[in-house]
1. Among (1) under 28 Å from Asn519 (Cα atoms); (2) of a type outside the set (S, T, N, Q); (3) open to solvent by less than 80 Å² (accessible area, probe 1.4 Å); (4) in contact (Cβ under 8 Å) with a residue 40 or more places away in the chain, which single condition is Trp147 missing?
2. Please go through the range 704-750 and pick out each residue that is touching a residue at least 12 places away in the same chain (Cβ under 8 Å) and of a type in the set (Lys, Arg).
3. Only one of (1) farther than 30 Å from Phe40 by Cβ; (2) open to solvent by less than 60 Å² (accessible area, probe 1.4 Å); (3) of a type in the set (Lys, Arg) is not met by Arg482, so which one is it?
4. Could you please let me know if Gln689 is touching a residue at least 40 places away in the same chain (Cβ under 8 Å), open to solvent by 40 Å² or more (accessible area, probe 1.4 Å) and touching a strand residue (DSSP E or B) at 6+ places or on another chain (Cβ under 6 Å)?
5. I'd like the residue in the range 378-426 that is assigned to a helix (DSSP H, G or I), surrounded by fewer than 19 Cβ atoms within 10 Å (Cβ to Cβ) and of a type in the set (S, T, N, Q) and, out of all such residues, is nearest to the chain's Cα centre (by Cα).
6. Quick one: how many residues across the range 591-609 are hydrophobic (A, V, I, L, M, F, W, C) and either in a loop (DSSP other than H, G, I, E, B) or open to solvent by 10 Å² or more (accessible area, probe 1.4 Å) (or both)?
7. Residues to consider are Gly552, Gly556; find the one that is under 15 Å from Thr485 (Cβ atoms), modelled with pLDDT under 95 and either in a loop (DSSP other than H, G, I, E, B) or in contact with a strand residue (DSSP E or B) (Cβ under 7 Å, 6 or more places away or on another chain) (or both).
8. Examine the range 572-590 for a residue that is open to solvent by 50 Å² or more (accessible area, probe 1.4 Å), of a type in the set (A, V, I, L, M) and in a helix (DSSP H, G or I), and state whether such a residue exists.
Amino acid sequence: MIRRFLLLAITSVAVALAPLTAQDDESRFNRGQAEELHDFADKAFKKGFPRQARLIWMQALKLYDSDFEPARKALGQIKVGNGWADDPNFEYPLEDTGTGKDAQSLYKGYEKLQETLARAHKREAQKWQKADRRDRALHHWKMVLRWNKDDSDAQEALEHRPVGEVSGTSLEQTLYENSKRIEAAVAEEVAKDYPVQEYGQKEPVLETAQVDYVSFQSEHFILHGDPDQAEHLKEALVWGERALRVVRAALGGEREIGGKFAFFVSKDTYKQVLKAHADRIPDLEWKLEHTSTSGIGDLVVGATGSVQVLYDAVVRNVAQGYAGLSTTGFSEGIGHTFVGMIFNNNRLFSVDLKKQEGTTASEEDREYTSPNFDVWQNLALEMAWKETGGVPAIDIPFCEAATFTNEQRIKSWSFTDYLVRRDFKLIQELDRLGAEARKNKRRDPLGLAAKFEEKTGVTVQQLDHEWEDFWTEATPVLAAIRNNTPPLAAVSPGVEKWLEALNEARKELGSSPVTWSSNLSTRCYEHAKYLLENKDERGIAAEHTEKVNLGGSHLGGMFAQMAVVETRANVRKADDMFEQWMLIPGYRDVLLNFASRVVGIYEEKGVLVINTVAGLGEPLSKKSGYFCWPKSQANGIPREVPVELIGPELAEALAEHGREDQKVVGYPMTAHFGINILGDRQSYSCTVQTRDGKAEGVLLLDDGKLRTSSAPGVVTFVPFEPLPSGQVDVTWSWEVDGQPKRMSASFQTK
């Protein structure tokens, strides 16, 4: 009897434990991997790199254990029932405060961590393989490649094929080949020119609105705009023709499209055109308040404000016209996608960015307003690491223009960007179903998803998962496509000394301190490496671009235009360098701009590159919103500056005034507006009065391609002749919404 009882008891225990063993082993394994990530994240956080730490904690939750308490608490979350919620009283720090030495140590530590995680997955994969559990083995082999892109055993187990210099699946090969084709098309087209001529016919929409305009025509497009913007309008049409070829290469097809656009500098002109056609525009008041572009018949009308936005507007409308999408989410997404691919900046929003409510906004809120696509890519990466992926892809077809949130904008762009590389037909089908649902006034995400799967054989959920893998670089091929520099690898030794020197110079000039970001330093790192590898590429023009045939990239060249570059930098002589920067209009702004919040910095072997554009934001200090330099009561201002110090764009402007042989000019005056020039760009003037009378000169706005002569939000007046000694009186004037504005300063030259 006792023996029978013991036998039953042993059997019961064995039956109870058997089904739990494999599950328990997997849970313990995942917990161990999460702890490895947590230990590293905790170290990165304590060493002063919180943004990198946050990504690691998010990885621990997404990849291994969604209930991992140490990561949840580190991210400022609290337990609510069976789930987790953000603690409303917790604000996660974003500012990098670590040293270059610590960053290098962390980067080496992260490489070792990846090896540790990959080895652990490999052991699990081999164990499951021996147990004939192919499903679990494949999961772990995939995870091996997430952490070790070169593991040949994992590549063999997953039956990968060669893709470029790595290996991957057939889908990844498609993504890789399409991405390379698009990159090649962009690089080829930006080097091409296309003919543009005057267009002699009147535009009825503009005639009715009684605005002044000139008109030009390229092979496919007609563009109207302000008479004094003629040269920029011609160049914008060239960008439109380039964009058409890029879009064709990306989306397929050879169909011919045309387009008529009317883009004006002033938003007042845009509003004037809309009001003149009030009977043709539904929701006129909403469009006047919330939009920058609108269609009137077959004409697209818009307000651009600057030359860069003009180019953005034309490229965006070409992409949207060729794609032919109907829903807000995908139409905005396709526009952002091609503007990003061509310019790496995004300055125009058909639907304005949603304004933050209340009196303050967090640093992350401000990032959504950045025009820089590197910032957007960081936002997309963090969204992809969220457990739910942030905004579900199924929401994109249902996005409404009136309620289009910043998060929806990032997801619609990043999801569209991915599907452009995968298969444009998938976007078309999602857009068609979304338009159909809007027409029938039915918001039915599940029904739409079912119809999409029936039509394409692919689920929206699967595409969402692929989107996450793409942005988080889950495989060797996806990492090769993204080709990103890890932020911790972009931290130069002694970066904290450069930040200290920069802030000391800003303090002396009355500017608020800036913080430093490893994320914003990646482009600096890449451009510095390019210059170090190409020692013959020196001089202002060469240092502010990159050549693809020399190992650079098109997007690297776009970044370099507005980067600050020194090729003989020495932090011990930083004061001398900053003194010279004050002679150079665009570089001067780095020391004075009150809207500078965060910068990227990388220096190696005397090559210093600073990224200031991506970190512009609303100023911390309360100022009027603009100021001029030299400021009132300044003394010892130099009388002249060599033309070669400011560079070829100034030389070209002088040549237009018959001064092509001039070697020196008067000290440049600058007006600084932070992020963008305010009001009517055409209304700006600068009057400079000296003891010898009124100084003649040339006015330069912020539409140049060289940081030395141009910077975002800066207007420069360069006197033709050196200033005389003594007092100089300067008056700046312009208009905002038809109201005159002015500021004045009096200073003493040497």
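The values are calculated or read from the model by the stated rules, or taken from the named source; none is laboratory data. In this text the structure is predicted, and so the values were computed from the model without any measurement. A quick note on method: Cβ atoms are made from the backbone with ideal geometry, for glycine too, and the neighbour counts reach across all protein chains shown. Areas reflect the complete protein model, heavy atoms only, side chains present, ligands, DNA and RNA absent. Shrake-Rupley method; radii C 1.70, N 1.55, O 1.52, S 1.80 Å.
1. Looking at each condition in turn, Trp147 falls short on (4).
2. Lys705, Arg707, Lys741, Lys750
3. All conditions are met except number (1).
4. Working: touching a residue at least 40 places away in the same chain (Cβ under 8 Å): yes; open to solvent by 40 Å² or more (accessible area, probe 1.4 Å): yes; touching a strand residue (DSSP E or B) at 6+ places or on another chain (Cβ under 6 Å): yes.
For Gln689, the condition - touching a residue at least 40 places away in the same chain (Cβ under 8 Å), open to solvent by 40 Å² or more (accessible area, probe 1.4 Å) and touching a strand residue (DSSP E or B) at 6+ places or on another chain (Cβ under 6 Å) - is met.
5. Within the range 378-426, the match that is nearest to the chain's Cα centre (by Cα) is Asn406.
6. Just the residues of the range 591-609 that are hydrophobic (A, V, I, L, M, F, W, C), to begin with: 591-592, 594-595, 598-599, 601, 607-609.
Next, only the ones that are either in a loop (DSSP other than H, G, I, E, B) or open to solvent by 10 Å² or more (accessible area, probe 1.4 Å) (or both) stay: 594-595, 598.
Matching residues across the range 591-609 total 3.
7. On the way: Gly556 fails: either in a loop (DSSP other than H, G, I, E, B) or in contact with a strand residue (DSSP E or B) (Cβ under 7 Å, 6 or more places away or on another chain) (or both).
Of Gly552, Gly556, the one residue that is under 15 Å from Thr485 (Cβ atoms), modelled with pLDDT under 95 and either in a loop (DSSP other than H, G, I, E, B) or in contact with a strand residue (DSSP E or B) (Cβ under 7 Å, 6 or more places away or on another chain) (or both) is Gly552.
8. So in the range 572-590, the residues open to solvent by 50 Å² or more (accessible area, probe 1.4 Å) come out as 572-573, 575-576, 579-580.
Within this subset, residues satisfying the condition of being of a type in the set (A, V, I, L, M) are none.
No, the range 572-590 contains no residue that is open to solvent by 50 Å² or more (accessible area, probe 1.4 Å), of a type in the set (A, V, I, L, M) and in a helix (DSSP H, G or I).
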